Amino acid sequence: MLAEVLAEVLAPLLALASAAAAGAAVVAQQRATHELGGTADRRLLRRPSWLAGTGASVVASALQAVALAEGAVAVVQALLATAVAWTTVGESLLARRLPGRRALLGVGLAMLGPLLVVALLGPVAAAEGPVDLTGAPVALSLLGVGAVVLAGLVGARRPGPPGALGLALACGAGYGLAASLLAVLARDPGAVLTDPQHALAAVLLLVVGPAAFVASQRALARARRAGPVVTVVLLADPLVATAIGATWFGERIAPDAPTTAGIVLAAGLAVAGVRLLDPAPDMSAVGHR
């Protein structure tokens, strides 16, 4: 009985640990960039904080891979959204001060929202057996994700902050797809050397993952505030991961109307938390753009 309970909570715990490590990575890498006056160049390789952040990022990716191998994609990606709150916690620890009331409320809501989503989803059953990456359902889901990414890139052609939201949409869809590809590889890592389908998944992951990261950085660079960008990514990533989880892995999620309403409310709490954590724009800087 104890072993079964531990097996059920292992993936969520690993996902939360991955989110915490990702938050720590952001804090450490941002500190290194600030130490260099806001520039990012090869000098970062000599900054201990940047190296520590890179190490934390690797740990976060490893924990995410193990979590995806053990649990449902929809659950893991929902819990990874708590990385936003962990970033604020890390910043406060680094500054050796408690966050203000607004930040504390934001952290609480950004944590509570994903946790409520996972609690309301309940156990997510998945089909046994490998994923057939050559099947029609997978091809259709890839076309669907591609359409979302294309819509985001078309929207990104708009100048300024509106275009940043288009990049954020493309980034969120890319992250959801990358997580699903990582789940395929993590559930049978040895097959990448023997199975052409797994080799294809690895190649796609190497393309989609970095492309989504670049889109996120460009979105943040173009936006006046981080909150709207993070909100779009936070919503698009788990939604795409949930759709792919149902298509690829047979994850069954069939909540009734009250549960669906609760999930929407929980997602709203997470979004509200992100907006509270988003600092006010620097109007002097905005005026000079």
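The values are calculated or read from the model by the stated rules, or taken from the named source; none is laboratory data. As the structure is a prediction and not an experimental result, all values here were calculated from the model. Cβ atoms come from the backbone with ideal geometry, glycine included; neighbour counts cover every protein chain shown.
Kindly establish whether residue 216 is closer than 22 Å to residue 83 by Cβ and either of a type in the set (Gly, Ala, Ser) or touching a strand residue (DSSP E or B) at 6+ places or on another chain (Cβ under 8 Å) (or both). Judged against the criteria, residue 216 is a match. Does residue 89 fit the bill of being buried (at least 22 other Cβ atoms within 10 Å of the Cβ), among the aliphatic types (A, V, I, L, M) and part of a helix (DSSP H, G or I)? So residue 89 fails the test. Taking (1) closer than 15 Å to residue 235 by Cβ; (2) loosely packed, with under 14 Cβ neighbours inside 10 Å; (3) aliphatic (A, V, I, L, M) in turn, residue 147 satisfies each apart from (1). Checking 209, 245 one by one, the residue that is buried (at least 22 other Cβ atoms within 10 Å of the Cβ), out of contact with any Leu (no Cβ under 7 Å at 6 or more places or on another chain), of a type outside the set (Phe, Trp, Tyr) and over 25 Å from residue 162 (Cβ atoms) is 245 and no other.
Looking at 123, 130, 99, just one residue is within 17 Å of residue 30 (Cβ to Cβ), over 20 Å from the mean Cα position of the chain (by Cα), modelled with pLDDT under 90 and of a type outside the set (A, V, I, L, M), and that residue is 99.
Restricting attention to the stretch 248-268, which residues are farther than 27 Å from residue 140 by Cα and in contact with a strand residue (DSSP E or B) (Cβ under 7 Å, 6 or more places away or on another chain)? Result: no residue meets the conditions. So residue 216 clears everything in (1) in contact with a Ser or Thr (Cβ under 9 Å, 6 or more places away or on another chain); (2) within 22 Å of residue 15 (Cα to Cα); (3) surrounded by fewer than 24 Cβ atoms within 10 Å (Cβ to Cβ) except one condition, right? Which one? Evaluating residue 216 over (1) in contact with a Ser or Thr (Cβ under 9 Å, 6 or more places away or on another chain); (2) within 22 Å of residue 15 (Cα to Cα); (3) surrounded by fewer than 24 Cβ atoms within 10 Å (Cβ to Cβ) leaves (1) as the failure.
Here residue 277 meets each of (1) buried (at least 20 other Cβ atoms within 10 Å of the Cβ); (2) in contact with a strand residue (DSSP E or B) (Cβ under 8 Å, 6 or more places away or on another chain) with one exception, condition (2).
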